[in-house]
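Structure first, then comments.
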Amino acid sequence: MSRPYFLEQIDDAAVVQYYADGFEALSLRDKTLIWHLAQAVIAGRDIYYDQRYRHALEMREVLEEILTHSAGVDPAVLSEIRRYTKLFWINSGPHNNLTARKFVLACAPAAFREAAHRARRSGAAFPVRGDETLDELLDRLERPFFDAATDAMVTNKTPGEGRDILEASANNLYSGVRMPDLDGFDERYGLNSRLVKRDGRLVEEICRIGGRYGARIAHIVDHLRDALHVAPPATRRTLDALIRFYESGEDDDRAAYDIAWVEDHEADVDTINGFVENYLDARGVKGAWEGLVYLVNHDKTGGLRRLAEDASWFEARMPWDPRWRRETVTGVTARAIEVVVETGDAGPLTPVGINLPNDQRIREQHGSKSVTLTNINEAYEKSQPPAFRREFCWSADEVARAEQWGAIAGEVTTGIHEVLGHGSGRVADHLQGQPQLALKEHYSALEEARADLVALFFLPEPRIGEIGMVPAEHQAEIVRTEYEAYARNALVQLRRVRQGTQLEEDHMRNRQMIVQWLMANAAAIEVRSRDGRTFYVCTDVEAFRHGAGRLLAEVQRIKSEGDYAAASDLFETYGIHFDADLRDEVVRRVDALNLPSYTGFVQPTLEAVTDEVGRITDVRISYPCDLERQMLEYSGKQVVRGSVA
Ligand SMILES: [Zn+2]
């Protein structure tokens, strides 16, 4: 039976529905657990909006009030507001998640003002402060909505000579702070605070109950407490630890939670909820809030489990200096999962694989949990227009391979990236488990490169076939397919950065760095051209693998020693800058085919059925196939049937 995946395209963003087929087969207890955990995840959503941009929540409220009170608004203006709002929802604010650049409303400010006044006459309630008038509110938000040069980039790790990375970044993780202010500052709440300069000194506003985001965190905790009643013992211990961390904000409690979470490895239902990834921070320290709830897909977990069990075997064969190999690899667990809800830094834009915790010391001592999001991979694959592959593949053979093996090649590569990649290696003792402090703005991209290179290096390893990750008789074709796709991607991804000549997003930097390095240092990838169109072609699988191994050894050395100068040199040379003419060519090609650059996902909707005393008797899952409806529901707006076009 065919069901909709691709729903609509807004500018260069695709909107895609994903499905969680495993949900129906769960016990009522597990479904109820998911229900409460999902409420907790939705309760934290707004934290991430505020972290990305200090005006984002007010802006969203203005937009949503207009959309839900739109009678009489000029249809052309309304349609522009709807376009902008959908991009705003997908990116959790007015900055594009990939390019980091701000996008703006394309109608006249006066027309927007008129729409807001109309909406107010229809009952819209705007987020005015005190006795502020609607016009004063709109004056205050005019530059955030309309001026692309105001707060131009959400994260800017390379602002140019003499400019400060914190000052050049519009995110709300810092206020009035410059890098030199941090010299000698004792930062106690690295992950979960906002750093503010007040009366000439630095203050950490700690994210916890009673602190920054206190009310929202208290809501999260209420739902987590409901979840305790239906959680199995190991999950209950984890949730208890998470609640304690949300209460105290102390790093020791965060570590205790991380350890409890890693040790809860048999759970069929699991959640990630907290201040986790640090890509949003130009320094790579502060955690962006994210929430996911997921269930294990047992059918697809077998191969990953074997991979995790074999982690020590692979660690002993890592192609880097034996000093940086781990003696023992403990507790790496890997699962194929189906996500049921994702918010904050994880939704509507989602990763396809996750390996946590990020705390290097806990990884080394307690291991890590690694998940591949199989239903997201499936939705990507099913929503991908066929023209996409045809346009950028050099030969018909390459197209055929991509169609036949692309999905499995991508899934296995993601699995190795997460399980063996992020989980591997050790760093020098003097770094105290925190290489990010030495590698600063290059840390995240370097770590992603390391994990990608581990995957590219081991994909041809016969053991991968032996343990059933791939059918052994097709492994060679799968390797070729992945190497071709990897090379192609470095070209195709340029479509995502339509302005400027540098990459900001860490995964994009890492992928470009690897491909450009291989072009310069190994005879594995050729740049070819036909009919004025450029192609990146993998010409030698052996040379590709050998080159990946050599680069991996150097990337691991840089991480292990915290060699900032070498990291900077590597990314400045290969990873950050690109040729504007080449990008323009790629953009022309995708635009001619109307191909999207990135994807925002619509999630399942859960509905709890209760009896007379309020006890949950069933949890139903459905698929709204409607971004606007879902986003308004998450914001707690009344969605009037028929008002949502
Ligand atoms: Zn990664």
Practice task
Could you tell me which residue of the range 523-547 is nearest to R389 (Cα to Cα), considering only residues that are touching a helix residue (DSSP H, G or I) at 6+ places or on another chain (Cβ under 6 Å) and part of a loop (DSSP other than H, G, I, E, B)?
Solution key: A524
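Got a sec? Which of Q436, Q493, Q502 is over 22 Å from V541 (Cβ atoms), in contact with a helix residue (DSSP H, G or I) (Cβ under 8 Å, 6 or more places away or on another chain) and polar (S, T, N, Q)?
Going through Q436, Q493, Q502 in turn, the sole match is Q436.
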Handout entry: Failed item, numbered, when P159 is tested on (1) farther than 19 Å from V276 by Cα; (2) free of Cβ contacts under 8 Å to residues at least 24 places away in the same chain; (3) touching a strand residue (DSSP E or B) at 6+ places or on another chain (Cβ under 7 Å)
Key = (3)
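Quick check: is even one residue across the range 442-457 within 14 Å of the ligand (Cβ to nearest atom), outside any helix (DSSP H, G or I), within 23 Å of the chain's Cα centre (by Cα) and of a type in the set (G, A, S)? Break it down into steps so the answer makes sense when it comes.
Going residue by residue through the range 442-457, those that are within 14 Å of the ligand (Cβ to nearest atom) are 443-456.
With the extra rule that they be outside any helix (DSSP H, G or I), the set shrinks to none.
Among the residues of the range 442-457, not one is within 14 Å of the ligand (Cβ to nearest atom), outside any helix (DSSP H, G or I), within 23 Å of the chain's Cα centre (by Cα) and of a type in the set (G, A, S), which makes the answer no.
Among A38, A43, A56, which is the only one that is within 23 Å of the chain's Cα centre (by Cα), among the small types (G, A, S) and closer than 21 Å to L137 by Cα?
Details: A38 fails: closer than 21 Å to L137 by Cα; A43 fails: closer than 21 Å to L137 by Cα.
Criteria check complete, one pass: A56.
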Completion exercise
Residues in the range 82-124 that are aliphatic (A, V, I, L, M) and closer than 20 Å to R629 by Cβ total 4
Fill in the blank from the handout: Condition set free of Cβ contacts under 8 Å to residues at least 40 places away in the same chain and part of a helix (DSSP H, G or I), scope the range 246-264, selection surrounded by the fewest Cβ atoms within 10 Å (Cβ to Cβ): answer is D252
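For the range 561-645, give me every one of the strands (runs of 3 or more DSSP E) that falls completely inside it and has 2 or more residues that are farther than 30 Å from D226 by Cα. First the steps, then the outcome.
Values: elements: 598-602, 605-610, 616-622.
The qualifying strands (runs of 3 or more DSSP E) are 598-602.
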Practice task
Output yes when any residue across the range 141-149 is modelled with pLDDT of 95 or more, surrounded by fewer than 13 Cβ atoms within 10 Å (Cβ to Cβ), among the small types (G, A, S) and under 30 Å from R498 (Cβ atoms), and no when none is.
Solution key: yes
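Return the residues of the range 295-314 that are out of contact with any helix residue (DSSP H, G or I) (no Cβ under 6 Å at 6 or more places or on another chain) and of a type in the set (S, T, N, Q); say none if nothing qualifies. Working first, answer last.
So in the range 295-314, the residues out of contact with any helix residue (DSSP H, G or I) (no Cβ under 6 Å at 6 or more places or on another chain) come out as 296, 298-299, 301-303, 305-306, 309-313.
Those that are out of contact with any helix residue (DSSP H, G or I) (no Cβ under 6 Å at 6 or more places or on another chain) and of a type in the set (S, T, N, Q): T301, S312.
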Exercise for the section: Could you figure out which of (1) buried (at least 22 other Cβ atoms within 10 Å of the Cβ); (2) assigned to a helix (DSSP H, G or I) isn't true of W313? Expected result: (1)
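Quick one: is P357 farther than 12 Å from S424 by Cα, within 14 Å of the ligand (Cβ to nearest atom), in contact (Cβ under 8 Å) with a residue 40 or more places away in the chain and of a type outside the set (A, V, I, L, M)? Even if it seems obvious, please write down each step before you answer.
Details: farther than 12 Å from S424 by Cα: yes; within 14 Å of the ligand (Cβ to nearest atom): yes; in contact (Cβ under 8 Å) with a residue 40 or more places away in the chain: yes; of a type outside the set (A, V, I, L, M): yes.
Taking the combined requirement at face value, the residue satisfies it.
Yes/no per residue for (1) touching a helix residue (DSSP H, G or I) at 6+ places or on another chain (Cβ under 6 Å); (2) modelled with pLDDT of 90 or more; (3) more than 27 Å from I220 (Cα to Cα); (4) part of a strand (DSSP E or B):
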position: I272; (1), (2), (3), (4): no, yes, no, yes
position: D281; (1), (2), (3), (4): no, yes, no, no
position: V285; (1), (2), (3), (4): no, yes, no, no
position: V293; (1), (2), (3), (4): yes, yes, no, yes
Practice task
Scan (1) crowded, with 16+ Cβ neighbours inside 10 Å; (2) assigned by TED's automatic domain parsing to the domain that holds E554; (3) in contact (Cβ under 8 Å) with a residue 60 or more places away in the chain for the single condition E585 breaks and write down its number.
Solution key: (3)
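The values are calculated or read from the model by the stated rules, or taken from the named source; none is laboratory data. Owing to the predicted nature of the structure, the values given are computational and were not obtained by experimental measurement. All Cβ positions, even for glycine, are placed from backbone atoms using ideal geometry, and neighbour counts span all protein chains on display.
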